[in-house]
Amino acid sequence: DSVVVKMIPDNRLPPRHLHAVRTGKTFAVIKWESPYDSPDQDMLYAVAVKDLVRKTDKIYKVKSRNSTVEYTIRKLEPGGKYHVIVQLGNMSKESSMKINTVPLSAPDALKIITENDHILLFWKSLALKESNFNESRGYEIHMFDSLMNITAYLGNTTENFFKVSNLKMGHNYSFSVQARCLYGGQMCGEPATLLYDELGTGKDPSATRSGQATDVAAIVVPVLFLLLVTLGIGFVVLYMRHRRLQSSFTAFANSHYSSRLGSAIFSSGDDLG
């Protein structure tokens, strides 16, 4: 004998297995399971999103009868930090998690141009590939001196270049450019980093690579020229030798020519060379 027993659902239980499915720059997809299996009616959830940087709160209401619920939180900020709380609408026990959105990308094509007493950093506008970036936000520039093991904040700019002066000869530097950090330096873009280690010779890396290519060309071109000259001389020598052999054979054949027979006759004792 058997009997079916249906337990009374406990609406004070928290949602189960709350986790993030996917996070982007301005959104996050979260998923959780109902407090108990196979709900027989719509369940109202409260999704509270606390911005840990701005110190603001937002609450969203989600109604579902499914055992598994998926919800997309929108209008987030790139590089933001959030605390997400999910619970039933009757203020039951809660499930919570933290989410970090994807920061803005690093600027592209960061390069250095060396001047007499300073260098210039150049990069492409981040607005070309990031719709969430406004040029008025600007960029901030950092410098790391590997010899002194010191990182310095050089400043910020709304332009796509930055002038750096007072660099010390013989020091190796790394420069980084990123979207300016907001709200106490907590919402930053990804940095683009470039190593600059040619101050001891007064050259920048691109000039060094160009110089190395020039040096290689200065060696390869003369070698190829000499090879061509040698091949040309070899062909001339072979040609002249062929002409001499041809002339010698013609003279030798003429000396054995018989006008009566109309042909040249050679005996086995003749030295044909």
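The values are calculated or read from the model by the stated rules, or taken from the named source; none is laboratory data. Every value quoted in this text rests on a predicted model; they were computed, and no experiment measured them. Reconstructed Cβ throughout: ideal geometry from the backbone, glycine too, with neighbour counts over all protein chains shown. To get the accessible areas, we keep the full protein, side chains included, count just its heavy atoms, and leave off ligands, DNA and RNA. Shrake-Rupley method; radii C 1.70, N 1.55, O 1.52, S 1.80 Å.
For region 19-57, name all the residues that are outside any strand (DSSP E or B), polar (S, T, N, Q) and open to solvent by 10 Å² or more (accessible area, probe 1.4 Å). Give the derivation first.
Here is the first cut: in region 19-57, the ones outside any strand (DSSP E or B) are 24-27, 34-42, 52-55.
Remaining after also requiring polar (S, T, N, Q): 26, 34, 38, 41.
Result: THR26, SER38, GLN41.
Hey, does region 75-82 have a residue that's open to solvent by 40 Å² or more (accessible area, probe 1.4 Å), outside any loop (DSSP other than H, G, I, E, B), touching a residue at least 60 places away in the same chain (Cβ under 8 Å) and more than 15 Å from VAL21 (Cβ to Cβ)?
Yes, the conditions are met somewhere in region 75-82.
In region 1-18, how many are on the phi < 0 side of the Ramachandran plot and either small (Gly, Ala, Ser) or not in a loop (DSSP other than H, G, I, E, B) (or both)?
3
Return yes or no: is ILE85 assigned by the TED database to the domain that holds TYR45, modelled with pLDDT of 90 or more, crowded, with 19+ Cβ neighbours inside 10 Å and among the aliphatic types (A, V, I, L, M)?
Details: assigned by the TED database to the domain that holds TYR45: yes; modelled with pLDDT of 90 or more: yes; crowded, with 19+ Cβ neighbours inside 10 Å: no; among the aliphatic types (A, V, I, L, M): yes.
Considered against the rule, which asks whether it is assigned by the TED database to the domain that holds TYR45, modelled with pLDDT of 90 or more, crowded, with 19+ Cβ neighbours inside 10 Å and among the aliphatic types (A, V, I, L, M), ILE85 comes out as no.
Would you mind telling me which numbered condition in (1) of a type outside the set (Val, Ile, Thr); (2) at pLDDT 90 or above; (3) over 18 Å from the mean Cα position of the chain (by Cα); (4) crowded, with 16+ Cβ neighbours inside 10 Å PRO107 fails?
Just one mismatch for PRO107, condition (3).
Of all residues in region 1-57, count the ones that are closer than 17 Å to MET187 by Cβ, among the hydroxyl-bearing types (Ser, Thr, Tyr) and in contact with a Leu (Cβ under 8 Å, 6 or more places away or on another chain).
Counting residues in region 1-57 that are closer than 17 Å to MET187 by Cβ, among the hydroxyl-bearing types (Ser, Thr, Tyr) and in contact with a Leu (Cβ under 8 Å, 6 or more places away or on another chain) gives 1.
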